[in-house]
Amino acid sequence: MTALPGLAPSGPASVAGVLTAAGPGVVWAWIALDVQPVPDRTSGEGSDAQRRAEAARADAAWLAGQWDPGAGTRLELRYLHRPGEPLRCCLLGRVQAPTADAAIAAALRLRDRLGVLPAHVRAAPVADPAGVGHRLDPFPAHPSGLVEVRKPIRAGWPSRPDAGVAYYLAVPRFAGGAAGWEPLWQSVAGLEQPFMLTVGLEPCTPSAGFLDMLTEVARNFRRLATAAQAGGGALRGGRNAVLLPDPFAQYAAPLYEDAQWRYRSGVFRTRMTIASTGPLPVPLVTTIAATICGPHGDGESAYHIVVPEPDELGTAWHNVATLDNLQWDRAYLRHLPGPVPPGVRLLAEVMDAAEAASGWRLPPAPSAGRPTVFNVGGDYISVNGNDNQIKNVGAAQDDGPKRRILLVCAGPRDDEARDRLTARDDRLLRAAIQRSAERDRIEVVTLNAATIDDLRQALMRGPFDIVHFSGHGTEEGLVFEDDDGQPFVPASSALAELFARRKVRVAVLNACYSLSVGGIAAIGTEFTIAAAGLLSDPGAVEFTRGFYDALGAGLEVPDAFAEGRGAAALKGHSFDAVLLRSAERPKSPPDWTGS
């Protein structure tokens, strides 16, 4: 493994598959998980395109939930190809702390968090520190065998005398790429040399200075994008000259206006690297870049392929092997007319979760009867001779009865808060089940960005013992989205009738004002959990954790409800919801004030 500068792996790395290295006052720790797709068992329901889109939404929601800048966290999704072997995927993570014990503990927490994956994939922790090292540093890259895919930095020249700068710079955001990556994987599978595609993310919080820069540049470009009167005195006929809108300012203003809101919180510094032991075929590199990042609406390419100079190759590979983000920029910035301000250079690296998800695609579930380049045939995969058992949360190990949970995550499309809520509840629910003795008898199915039709069709594929709704509620009912991504509130009575018709045993309506539905749904469900008014977000988090901890331990719903409320109370939060039994109405009218 390529060590951090002046460092070597240290002794405590033998603990539980954690690789460590120590420096002055800091210890770094790395972990790895091998990831494998779960064969599609939907019996042909829905088109391949629909299944790919659903998997992509699940990946994006999961990724949004991984934003946590604590402990200097770095995340990496890595695909590795060796000729004659199935394509392999692994997740890597790095943290840092003042002591080895603290670093190892943080690394194990990160590994547990990363292991709670969307339903179409499953993972196994790499138990051997040497195996972690092999995945970090899998082969020596060829001098012509490494490139990065980055956002382009566009330059322009002012057309107005009041620009105040000698040249302009703008950074377009990463546009979403192809929904399906199958053609890309087929191209990679045919390579006759080892190959890697790896995407590194560093969760970070934008500084006030960076946000101020975006606001100021956006304001200046808006001014220059609008016609104005020239100062300096009257010209012909006593009238001032008109300054026409600057074309580059018209292009750049919406980019910076979007950036100042898109990057206000929860961003990732991003690195996308392609590497091989031989020279990289140019058509393959172009295919990968175009697959990850599609063109903008005007046809403009939204990526830049960057090749390191010979003396930069060591830095580039150091980033790959240690999950670092040291800059190497000579070829990247050479075409620009002058120095790049640090804030603009950072803008070229940062992405929100939606952008980062363009390059963060977990392995797709293979369609029934179709060949796949991934290994899905057994319970084990092998990387550099290290075997790892793959386990999936909710995958039954016997034929006993199974409790099925449908997690319904709903809300307006492109709602970042919704994506975070989705990922949080999915992670909490699955983690609670994974800890439980009953994990092999519980299956979780997640609906992301659910429409009412998605819910209806999923219940037809049931039965489900529990429906857990996570999203927004109003006095009129629960908020879904329609086919255009707009909010839609179905009639509460019709929704309650759907639960009854599909024999849902428990409805957990984790949304504000959900008693507007729950009071009716309780007529046909054995248990309903709903809120009369506003729900505390921290309280809802702790309730979900405690409730599913209890169900996983084999407790019945009333005890699990009490455990969930107690878990919230222990953390100093309240969960102001009620448990209704079959045919039970609320004892008093809902308090719509939320007080």
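The values are calculated or read from the model by the stated rules, or taken from the named source; none is laboratory data. All figures in this text were calculated on a predicted structure; none of them were measured in a lab. Neighbour counts run over all protein chains shown; Cβ positions are idealised from the backbone, glycine included. The protein model used for the area step is the full one, side chains on, heavy atoms only, and it has no ligands, DNA or RNA in it. Shrake-Rupley method; radii C 1.70, N 1.55, O 1.52, S 1.80 Å.
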Note, ³J(HN,Hα) from phi for segment 491-504, Karplus 6.51, -1.76, 1.60, rounded to Hz, x at Gly and Pro: 4, 4, 5, 5, 5, 4, 5, 5, 4, 5, 5, 8, 6, 5
Which value does Rg/Rh take for segment 99-213 over its C-alpha atoms, Rh per Kirkwood? 1.07
Could you give the length gained on full extension between Ala166 and Ala553, defined as 0.36 nm per residue of separation minus the Cα-Cα distance, in nm? 132.6 nm
Once both labels are modelled 7 Å past Cα along the beta-carbon direction, what's the Gln193-Ala562 spacing in nm? 6.7
I'd like the FRET efficiency for Gln250 and Met460, computed as 1/(1 + (r/R0)^6) with the beta carbon distance as r and R0 of 45 Å, rounded to 0.05. 0.35
Summed side-chain charge close to Val147 - residues other than Val147 whose Cβ falls under 12 Å, Lys, Arg +1, Asp, Glu -1: 0
For segment 138-182, Rg(Cα) over 2.2 N^0.38 Å is 1.96
Please work out the average accessible area per residue across segment 35-190, using the 1.4 Å probe convention, and give it in Å². 37
Full extension between Asp258 and Arg435 adds, at 0.36 nm per residue less the Cα distance, a length in nm of 59.6 nm
Provide the packing ranking of 340-347, 324-331, 268-275, 446-453, i.e. peptides ordered by the mean count of other C-beta atoms within 10 Å per residue, highest first. 268-275, 446-453, 340-347, 324-331
Compare the peptides 162-175, 26-39 by average per-residue count of other Cβ atoms within 10 angstrom and give them in order, highest first. 26-39, 162-175
Carbon and sulfur together cover what percent of the accessible area of segment 160-211 at a 1.4 Å probe radius? 56
Phi to ³J(HN,Hα) by Karplus 6.51 cos²θ - 1.76 cosθ + 1.60 over segment 181-198, Hz, x for Gly, Pro: 9, 4, x, 5, 5, 5, 5, 5, 4, x, 5, 9, 9, x, 8, 9, 10, 9
³J(HN,Hα), Karplus 6.51/-1.76/1.60, whole Hz, each residue of segment 106-123, x for Gly, Pro: 5, 5, 5, 5, 4, 5, 4, 5, 5, x, 8, 9, x, 5, 8, 9, 9, 9
Listed highest first by mean packing, meaning other Cβ atoms within 10 Å per residue, what order do 244-253, 112-121, 304-313 come in? 112-121, 244-253, 304-313
Output needed: percent of Cα pairs per 5 Å distance bin for segment 453-520, bins running from 0 to the one holding the longest distance. 3, 17, 29, 29, 17, 4, 0
May I ask you to derive the FRET efficiency for Thr226 and Val307 from their Cβ-Cβ distance with R0 = 35 Å, giving the value to the nearest 0.05? 0.30
Two-decimal ratio, segment 59-166, of alpha-carbon radius of gyration to 2.2 N^0.38 Å: 1.54
Charge dipole of segment 111-194 about the Cα centre (unit charges at C-beta), most positive-ward option of Leu136, Ala175, Ala124: Ala175
Just want to confirm a number: the relative contact order over segment 106-194, from Cα pairs under 8 angstrom separated by 6+ residues, in percent. 17
Under 5 Å from the placed amide H of Ala241, counting only residues 5+ away or on other chains, we find Ala230, Leu235
Cα gyration tensor, segment 514-579 - rounded (a/c under 1.5), prolate or oblate: oblate
